[in-house]
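Below is one structure, written out as structure tokens; comments come after it.
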Amino acid sequence: MSIAIDGYQVDIIVSGFPGKSVCHGGLGWSTIVLLRGHGRIALVDVGTFGMRNLLQKGLADHGLNNTDVTEVLLTHGHHDHCINWVMFRDARIVLGQSELEWAVEQPWGETPVAELYVERLNDWPTLHRAHDGEEILPGITCHLAAGHTPGHLIYVLRGESRDVIFTGDAAKNRAELISRDTDMTYDASISRATINMIWEHWRRHPASIVVPGHDLPMVLEDGRPEYIGKREAAITAWYGDDMETTTRIELTVA
Ligand SMILES: [Zn+2]
């Protein structure tokens, strides 16, 4: 998805995937978005280790280097969304104040929190501790969206004719948005209230777009979320006797 909204160009660099592995734990295939406008170059979430080359290539495709990024807007402290802030360490790194306070208190080795990456971020000079309702960039506000984690933020780009709502893992995918039930929540009722809040933002304009943490972007058609773009997801595996023979396994459904 590449879309122009009120002085911003919004490009999805990595589209998140709404699934879990069956035998190997969490996939962590999360969404990364590039926002350019008002003289700023921002990323909404920055993915995990396996996405570093992808992220660099995604920036290069737009003629950008890591050092061009001026802002990193993090939704929460889980490893699959935040660890690559270290690729952009001169940028302003935005994370919710309450999320950071919570994340650095989590016991090591027991949760998806990137323990050492948030600990280092906690005293990083370019860290910005964000608060509920704050305007982070011109026309872009952050909102507390608890449930998945206690200090999770969503970011809302307010446009004249449409908004874009970056939900991170407050609403990971289409199924969560429609059912209002969630996987990986510390309190299902808090997550449901957060998803209701996301819907209030979404319904402000008929053409508004939701970009979830682990799914394709969506727009409402007759009140129902419909995907924008086409899902691409596959794995290649070495099941043969040499390095040239690979098997491609598609993870999309017809
Ligand atoms: Zn998460």
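Could you identify which residue out of GLU135, GLU176, GLU221 has the top mean-square fluctuation in a GNM of the chain using Cα springs shorter than 10 Å?
It is GLU221.
Translational diffusion coefficient, Stokes-Einstein: compute it for segment 65-168 using the Kirkwood radius over C-alpha pairs as Rh, at 20 °C and 1.002 mPa s, and state it as an integer in µm² s⁻¹.
Numbers: Rh = 13.9 Å.
My calculation gives 154 µm²/s for D.
Determine ³J(HN,Hα), in whole Hz, for all residues of segment 85-91 in sequence, where each value follows from phi through the Karplus function 6.51 cos²θ - 1.76 cosθ + 1.60 and θ = phi - 60°; x replaces Gly and Pro.
Here the 3J(HN,Hα) series is 4, 5, 6, 10, 6, 8, 6 Hz.
Residue by residue through segment 149-159, which ³J(HN,Hα) values in whole Hz follow from phi under the Karplus form 6.51 cos²θ - 1.76 cosθ + 1.60 (θ = phi - 60°), with glycine and proline marked x?
9, x, x, 4, 10, 9, 10, 10, 8, 8, x
Pull up the DSSP beta bridges for the chain and report the antiparallel fraction as a percent, rounded to 5.
Values: 36 of 50 bridges.
Here the antiparallel bridges make up roughly 70 percent for the chain.
Consider just the alpha-carbon atoms of the chain and return their Rg together with their Dmax, both in angstrom.
17.7, 58
Give the Rg (one decimal place) followed by the Dmax (whole number) of segment 116-233, computed from C-alpha coordinates and expressed in Å.
14.8, 47
ASP61 to LYS20: extension gain in nm, 0.36 nm per residue of separation minus the Cα-Cα distance?
Details: separation 41, 0.36 × 41 = 14.76 nm, distance 2.89 nm.
Gain on extension, ASP61 to LYS20, equals 11.9 nm.
Taking the convex hull of the Cα atoms, report for segment 1-125 its projected area averaged over all directions, in nm². Numbers along the way, then the final one.
Working: hull surface 33.4 nm².
Taking the Cα atoms of segment 1-125, their convex hull projects to 8.3 nm² on average.
Per the helix-only calculation at 222 nm, which mean residue ellipticity applies to the chain, given -39500 (n - 2.57) for every DSSP H run of n ≥ 4 and division by its residues, nearest 500 deg cm²/dmol?
Details: 6 runs with 50 residues, N = 254.
That calculation yields -5500 deg cm²/dmol at 222 nm.
Could you work out which residue, out of GLY19, GLY168, GLY50, moves most in a Gaussian network model of the chain, that is, has the largest mean-square fluctuation with Cα springs under 10 Å?
Looking only at GLY19, GLY168, GLY50, the biggest GNM fluctuation is shown by GLY50.
With a sphere of radius 13 Å drawn around the Cβ of SER191, what net charge do the other residues whose Cβ falls strictly inside it have (Lys, Arg +1; Asp, Glu -1)?
Numbers: positive: LYS172, ARG180, ARG192; negative: ASP169, GLU176, ASP181, ASP183, ASP187.
Its environment carries a net charge of -2.
Choose one of GLY26, GLY229, MET197: the residue whose Cα lies farthest towards the positive end of the charge dipole of the chain (beta-carbon charges +1 Lys, Arg; -1 Asp, Glu; about the Cα centre).
GLY229
Cut-off is 10 Å between beta-carbons; in what order do LYS57, LYS172, LYS20 appear when sorted fewest neighbours first?
Values: LYS57 10, LYS172 23, LYS20 14.
Arranged by neighbour count, lowest to highest, LYS57, LYS172, LYS20 become LYS57, LYS20, LYS172.
Of ALA42, THR111, TRP85, which is farthest on the positive side of the dipole of the chain, counting Cα position, with +1 on Lys and Arg Cβ, -1 on Asp and Glu Cβ, and the Cα centre as origin?
The listed residue farthest towards the positive side: ALA42.
I'd like to know which of LEU127, TRP102, LEU137 lies farthest towards the positive end of the charge dipole of the chain, counting +1 on Cβ of Lys and Arg and -1 on Cβ of Asp and Glu.
LEU137
Taken together, the values in this text are just the output of simple stated rules run on the coordinates, not laboratory data. Remember, it's a predicted structure, so these values are computed and weren't measured experimentally. No Cβ is skipped: glycine too gets one built from the backbone with ideal geometry, and neighbour counts run over all protein chains shown.
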